[in-house]
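Read through the structure below, which is laid out as structure tokens, and then see the notes.
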Amino acid sequence: MTTPIIDSHHHFWDPASGGDYGWLSGPFEPINRKFEPADLRPALQKNGVTGTILVQTWNDLGETWDFIQTAEASDFVAGVVGWVDLTDGKVGDTLSKLMASPQGKWLVGVRHLIQTESDPSWLLRADVQNGLKAVERADLVYDLVPNLPQLPSCISTVEAFPEMRFVLDHISKPEIRNRGFDEWAVLIRRFRSQRNHVWCKLSGMVTEADWKSWTPRDLKPYVHEVLDVFGTDRCMFGTDWPVCLVAASYDRVVDALQECIKDLSEVERKKILGMNAIEAYRLPQFQERNA
């Protein structure tokens with residue numbers, strides 16, 4: 001059986017739907033259009049990608065419902081990281097309704113766009129921490145999506161929930177274009193002691209590099225640092241499509257990661273390219289296949 005390749009991070013959106021897509025302007029204007037499964041499928045087939053994780057794009061419960069229905073209808077979406085209001089005292093009930101629905105098995109994680117909050121320590125608020133307890137009780141992953149200012153709160157949170165599964169998105173978005181390695185590395189190394197329950201996505205890097213001139217050489221120090229901190233059992237491939245398109249094609253993102261991990265063993269590469277995502281998110285169709 002061919003080892004699965006899982007793109008652990010991509011999106012769909014339709015700006016005409018009324019969602020919070022104001023950021024799709026200026027340099028992001030080229031991707032200010034509808035993206036749906038038919039747009040992604042050719043790139044997946046060309047690169048041998050077996051399944052994907054569809055990730056929320058704005059803080060809206062309706063999108064979560066839409067996404068699990070998309071997964072049910074799709075031939076490649078293997079799981080959904082959706083959004084629920086962690087500050088809502090009834091968030092546990094919301095999660096129960098989602099998971100009990102006919103499409104509920106596709107909900108594998110939850111995320112909040114913490115980098116949009118004015119308080120960099122938003123995650124540490126008492127009501128948010130209570131919401132995270134509900135996510136833990138539901139046995140779902142919580143995806144962390146910080147910029148550098150929110151990273152300390154992410155570290156404190158994973159320390160506070162040692163039995164919960166976390167995934168750090170986009171290696172926490174270091175400023176690769178400005179050679180922001182040192183300050184980022186000091187913080188990222190604090191995850192080393194938490195590597196038993198925290199995974200990291202090797203995604204989102206090309207948009208943090210110089211869009212016009214980046215090469216895999218620019219990404220390698222960051223990839224190698226993350227591999228050193230988390231280990232090859234806790235890192236996973238992701239493209240951040242279609243956001244990545246402002247800086248690179250889907251193919252080029254895949255090729256760049258392959259270049260960065262080419263010196264690893266075949267077993268280690270297979271873990272990063274698919275098996276680790278299956279383990280972290282407990283993807284239903286792959287869990288069933290391996291049962």
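Before moving on, here are some points about what is shown:
- Options ASP218, ASP263: the member that is modelled with pLDDT of 95 or more and surrounded by fewer than 16 Cβ atoms within 10 Å (Cβ to Cβ): ASP263
- Considering the conditions (1) β-branched (Val, Ile, Thr); (2) in a loop (DSSP other than H, G, I, E, B); (3) out of contact with any strand residue (DSSP E or B) (no Cβ under 8 Å at 6 or more places or on another chain), VAL267 is excluded by exactly one of them, (2).
- Hey, LEU98 part of a helix (DSSP H, G or I), surrounded by 17 or more Cβ atoms within 10 Å (Cβ to Cβ) and at pLDDT 95 or above or not: yes
- Leading residue by the ranking (farthest from CYS244 (Cα to Cα)) among those in region 1-46 that are free of Cβ contacts under 8 Å to residues at least 40 places away in the same chain and of a type in the set (Phe, Trp, Tyr): TYR21
- When region 251-275 is filtered for residues that are closer than 21 Å to ASP39 by Cα and touching a Ser or Thr at 6+ places or on another chain (Cβ under 6 Å), only VAL253 remains.
- Every condition in (1) touching a Phe, Trp or Tyr at 6+ places or on another chain (Cβ under 9 Å); (2) within 24 Å of ALA277 (Cα to Cα) is met by GLN129 except one, and the failing one is (2).
- Any hit, region 162-174, residues being among the acidic types (Asp, Glu), touching a residue at least 60 places away in the same chain (Cβ under 8 Å), closer than 20 Å to VAL80 by Cβ and part of a helix (DSSP H, G or I): yes
- Residue selected from region 183-240 under the condition assigned to a strand (DSSP E or B) and aliphatic (A, V, I, L, M), by the criterion farthest from THR52 (Cα to Cα): VAL198
The values are calculated or read from the model by the stated rules, or taken from the named source; none is laboratory data. Keep in mind that what you see is a predicted model, and the values were worked out from it rather than measured. Backbone-built Cβ (ideal geometry, glycine too); neighbour counts: all protein chains shown.
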